[in-house]
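Working notes for the structure below.
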């Protein structure tokens, strides 16, 4: 068996070579870093915001910071080559691509896995080897810059695939409006468990709630309130699918005042109680 290697660059970047386990919990949790995982062999079952996929040999997955993720199963022969990317480095990478469509982050919740053909496999192996050599070169004064620009190319390829998707709208909105929506989604990821009112996010952006709602609706097709609710409901559903958590623990993780408040909120927006939803999902799994 090949030697397992882990290389790191301060707290910003880490490479796993021939590693046996994806460093993500077996229960739904929001991760504070990004990952690019290439499956060398074996299988691993991954769930991102309720979208489950079993990664197999020659597949690559992209996990963004702030996503609700769990790895539920890993075969004994699983091996991966992977990059772990800090939130600051991730922000610098995407910041150099230009104004990223806010819908891209939601698109990647369900379009996070890709199978590589022979040409792509060869390119990725060379790419991975180059980054391994670069991170090990302690005499290089600009290792972070090399890594940042190399990773930016990879994310740009993924963003290019997103923009080419015929189901994705590519309307030309003003840069200012795109910036507002982009900042709004970053704020949701950071604060949605504590703040569920549009006014909080508008205050953070120094604009009125009405203007924020108008801009978000214009660019994404959904209101700011709907996006906040989507994040909250998605989190509750993912936690309910984890049978090891009781309802009170889910109340605590989602910052509701009590179990009744969570139940009223969930029933209002889904039409069923949390216990009904959990029973329905667990019955389908069995």
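The values are calculated or read from the model by the stated rules, or taken from the named source; none is laboratory data. Small disclaimer: the values here were computed from a predicted structure and weren't measured. Methodologically, a virtual Cβ is constructed for each residue, glycine included, from the backbone with ideal geometry; neighbour enumeration extends over all protein chains shown.
For the reader, a short list of remarks on this structure follows.
- Residue that is modelled with the lowest pLDDT, among those in segment 157-172 that are out of contact with any strand residue (DSSP E or B) (no Cβ under 7 Å at 6 or more places or on another chain) and surrounded by 15 or more Cβ atoms within 10 Å (Cβ to Cβ): 162
- Pick from segment 240-269, criterion closer than 21 Å to residue 226 by Cβ and at pLDDT below 90, ranking: surrounded by the most Cβ atoms within 10 Å (Cβ to Cβ): 240
- Number of residues in segment 15-48 that are more than 25 Å from residue 244 (Cβ to Cβ), in contact (Cβ under 8 Å) with a residue 60 or more places away in the chain and out of contact with any helix residue (DSSP H, G or I) (no Cβ under 9 Å at 6 or more places or on another chain) equals 3.
- Check on residue 73, over 18 Å from residue 165 (Cβ atoms) and either part of a helix (DSSP H, G or I) or in contact with a helix residue (DSSP H, G or I) (Cβ under 9 Å, 6 or more places away or on another chain) (or both): no
- Restricted to segment 54-70, and to residues there that are within 19 Å of residue 192 (Cβ to Cβ) and assigned to a loop (DSSP other than H, G, I, E, B), the residue that is modelled with the highest pLDDT is 64.
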